[in-house]
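As structure tokens, the structure follows; a few thoughts come after it.
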Amino acid sequence: MATSLTSNAAGNANNTYAAAGVNIAEGARAIDLLKAAVKRTHGPEVLAGVGAFGGMFDAGALKDMDAPVLVASTDGVGTKTRVAARMGNWDTVGQDLVNHCVNDILVQGARPLFFMDYVAAARLDAEQVAAIVGGMAEACVQNKCALLGGETAEMPGIYQDYEIDVAGTIVGVVERAQIVNGSRIQTGDAILALPSTGLHTNGFSLARRALAELDWNTPLAKGNGASIGEMLLAVHRSYLEPVSQLQQAGIDIRGMAHITGGGLPENFPRILQGELAGQFQRGAWPVPPIFDIIQELGNISDEEMFRVFNMGIGLCVVLPQAQVDAALATLGNQGSYQVGEIVPRMSEAVIIG
């Protein structure tokens with residue numbers, strides 16, 4: 001027997017769902033609030049975006065490439081969302097996520113095409129979601145990347161009350177002949193560091209534990225006038241522009257490593273092939289003050305600090321020694337430091353001395 005859902009029945013169904021913890025109307029309001037921000041990221045190659053069952057991107061945009069290779073990555077911002085919650089500031093974690101993903105494909109030579117997001121919570125707050133996705137849209141604009149769509153989910157019983165999860169997937173492209181994979185790295189090559197802005201998106205569980213009892217709102221002299229909260233929420237930097245500048249200047253980039261969770265010891269070896277190691281000279285780059293504060297208050301060893309945090313290095317670039325001066329001059333006020341070199345591997349793949 002056929003049935004029909006009258007407006008009154010629909011209202012009752014919605015009220016029942018809300019009683020179970022899911023507010024359909026709030027989710028719809030969140031989408032309405034973020035539509036304009038997302039639209040800013042769309043160019044003519046976006047054929048379907050927010051509201052469609054699937055985002056559509058015209059692959060004809062790649063027709064002038066000789067041998068395009070798609071590169072994809074998925075990541076999240078971890079417990080940095082708890083810092084955002086404590087500070088009541090949600091417009092940075094979306095930027096963090098996009099920039100993190102951009103860097104992950106950049107190290108293989110790829111440029112971003114589009115990004116898909118996932119925002120989930122026990123209970124959705126439309127303004128909160130709009131602020132997060134608005135941050136993603138801002139970063140997508142800066143990285144010339146389309147925010148193609150995503151998922152906003154309300155899942156009581158899966159997430160704890162007031163918890164929120166933010167993740168995303170990026171798809172980019174690189175010419176096959178221009179893939180950067182570390183295969184040409186050799187002994188004697190120089191390692192340049194592009195500085196981080198702070199923790200970026202890793203190590204926040206340890207940082208929050210070490211800093212839990214402090215006032216996160218008061219400016220600190222040791223933090224150059226920034227508060228703990230401001231230092232922790234510093235946006236994960238995108239390295240697309242400086243890397244592009246190096247490539248345009250003819251710098252022979254032989255390998256790049258995005259320094260994320262696991263720090264230098266876990267990330268730099270991912271680009272090394274054969275019996276090679278990276279030797280880093282401590283003191284050759286500035287370490288943001290937030291790391292000193294965390295280490296002191298948390299009573300954390302040097303070894304653990306370097307295995308958890310980026311310690312001021314956001315991206316490593318390996319290039320010939322003969323091009324170091326040209327690379328440093330090219331980056332100028334972008335900031336860069338020669339921090340080490342490639343040496344024969346004796347035991348560890350990363351030596352920090």
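For Cα pairs less than 8 Å apart in space and 6+ apart in sequence, what is the mean separation divided by the residue count of the chain, i.e. the relative contact order in percent?
Once normalised by length, the contact order is 21 percent.
How big is D for the range 266-353, in µm² s⁻¹ as a whole number, if Stokes-Einstein is applied with the Kirkwood radius of its Cα pairs at 25 °C and 0.890 mPa s? D, rounded to a whole number, is 169 µm²/s.
For residue 113, the amide hydrogen comes within under 5 Å of the amide hydrogens of 171, 172, 173, counting only partners 5 or more places away or on other chains and with H modelled in the peptide plane.
When peptides 296-305, 88-97, 315-324, 35-44 are ranked by their average number of other Cβ atoms within 10 Å per residue, the highest-first order is 88-97, 315-324, 35-44, 296-305.
Here r is the Cβ-Cβ distance between residue 321 and residue 25 and R0 is 45 Å; the resulting FRET efficiency, rounded to 0.05, is 0.15.
By how many nm would the segment from residue 175 to residue 270 lengthen if fully extended, with 0.36 nm per residue of separation less the alpha-carbon distance?
Working: separation 95, 0.36 × 95 = 34.20 nm, distance 2.11 nm.
Taking 0.36 nm per residue and subtracting the Cα distance, the gain is 32.1 nm.
Take each peptide in 151-157, 72-78, count the other Cβ atoms within 10 Å of every residue, and average; sorted highest first, the result is 72-78, 151-157.
Order of 285, 216 from fewest to most other C-beta atoms within 10 Å? The partial results should precede the final answer.
Details: 285 21, 216 17.
Fewest-to-most ranking of 285, 216: 216, 285.
Here the extension length gained between residue 160 and residue 53 equals 35.7 nm, from 0.36 nm per residue of separation less the Cα-Cα distance.
Hey, could you get me the Stokes-Einstein D for the range 190-352, Kirkwood radius over alpha-carbon pairs, 10 °C and 1.306 mPa s, rounded to whole µm² s⁻¹? If you can, show how the numbers build up before the last one.
Working: Rh = 16.5 Å.
After rounding, the answer is 96 µm²/s.
For residue 35, the lysines whose Cα falls under 28 Å of its own Cα, not counting residues fewer than eight places away in the same chain, are 80, 144. What would the Debye formula give as log10 I(q)/I(0) at q = 0.08, 0.13 Å⁻¹ for the alpha-carbon point model of the chain, no solvent? Log10 of I(q)/I(0), two decimals: -0.44, -1.06. The separation of the range 114-174 from the range 323-353, counted between C-alpha centres, amounts to 35 Å.
None of the figures in this text is laboratory data; all of them are computed from the coordinates on show. Because the structure is predicted, anything quoted here is derived from the model rather than measured. Glycine also receives a Cβ, built like all others from the backbone with ideal geometry; neighbour counts cover every protein chain displayed.
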